[in-house]
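The structure appears right after this line, and notes come after that.
The values are calculated or read from the model by the stated rules, or taken from the named source; none is laboratory data. All values reported here derive from a predicted model rather than from experimental measurement. Please note: Cβ atoms are built from the backbone with ideal geometry, for glycine as well, and neighbour counts cover all protein chains shown. Surface accessibility is based on the protein's heavy atoms, side chains included, excluding ligands, DNA and RNA. Shrake-Rupley method; radii C 1.70, N 1.55, O 1.52, S 1.80 Å.
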Amino acid sequence: MDLRKNSILKYISFTFFLLLLSANLHAQKLEIGKTFKGKCSYYGKKFSGRRTASGERLNNRDFTCAHKFFPFGTMIEVENPITKQWVVVRVNDRGPFTKGRVLDLSYEAAKTVGLLQKGIMNVNAKVVGIDGEIMLFRDGSTEDNFQELFAKDSMQVIVPYLPETSVKKKKN
């Protein structure tokens with residue numbers, strides 16, 4: 001009888017594992033241009049150097065963030081809706097695990113959008129790339145804008161050439 005119970009428990013555990021795996025794969029599908037809003041917080045300086053869920057160490061000088069389910073390497077444009085300050089961050093961690101929050105930003109990214117003074121604020125966000133590559137550019141963006149933003153990031157971020165119209169705007 002114990003052998004039968006043990007087999008049933010193994011079967012249930014295995015089925016549950018497969019169910020979780022399939023749900024996780026479904027959740028990781030994302031579309032470029034997807035927008036979302038919500039509360040955002042940031043990592044304090046004391047978290048710098050700790051391992052993130054992706055395996056890399058948190059460097060608060062990088063432009064990175066935590067998101068609950070977007071795949072690691074997803075590029076997200078985060079905007080302060082009041083000041084219109086914005087930054088592009090790369091997902092390298094899981095979280096935030098506080099109800100109602102959508103992102104945790106690195107210290108440097110939070111400083112760029114003016115989050116440090118408030119600690120928590122509402123943000124507008126948009127998925128702009130995957131695998132560390134930015135595919136959707138903000139109006140008026142130039143290649144130099146993004147090189148300036150990611151010069152400090154320890155992970156290589158790929159910025160494809162921008163269309164001619166964006167380059168012309170910069171020169172004028």
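Work out from phi, with θ = phi - 60° and the Karplus expression 6.51 cos²θ - 1.76 cosθ + 1.60, the ³J(HN,Hα) of each residue of region 70-85, listed in order in whole Hz, and give x for Gly and Pro.
4, x, 4, x, 5, 9, 10, 8, 10, 10, 7, x, 7, 8, 6, 6
Please give me, ordered by residue number, the trypsin sites (Lys or Arg not before Pro) of region 39-138 that lie in loop per DSSP and have at most 12 other Cβ atoms within 10 Å.
Working: sites: K39, K45, K46, R50, R51, R57, R61, K68, K84, R90, R94, K99, R101, K111, K118, K126, R138; in loops: R50, R61, K68, K84, R94, K99, K118, R138.
Answer in residue order: R50, K84, K99.
Which cross-chain or sequence-distant (5 or more) residues have an amide H under 5 Å from the amide H of N59, H modelled 1.01 Å from N in plane?
G49
With a sphere of radius 10 Å drawn around the Cβ of K39, what net charge do the other residues whose Cβ falls strictly inside it have (Lys, Arg +1; Asp, Glu -1)? Write out the running numbers ahead of the final one.
Working: positive: K37, K99, R101; negative: none.
That works out to +3.
In nm, to one decimal, how far is the R101 label point from the E31 one, both placed 7 Å along Cα→Cβ?
Label at R101, label at E31, 2.9 nm between them.
What is the sum of charges, Lys and Arg at +1 and Asp and Glu at -1, for the other residues whose Cβ falls under 14 Å from the Cβ of R101?
+4
For I134, list long-range residues whose amide hydrogen, built 1.01 Å from N in the peptide plane, is under 5 Å from its own amide hydrogen.
Placed amide hydrogens put I158 under 5 Å from I134.
Within region 52-120, what whole-number % of the accessible surface is contributed by carbon and sulfur, with the 1.4 Å probe and all protein chains included in the calculation? It would help to have the intermediate numbers written out before the result.
Values: 1500 of 2800 Å².
On region 52-120, the fraction of accessible area on carbon and sulfur atoms equals 54 percent.
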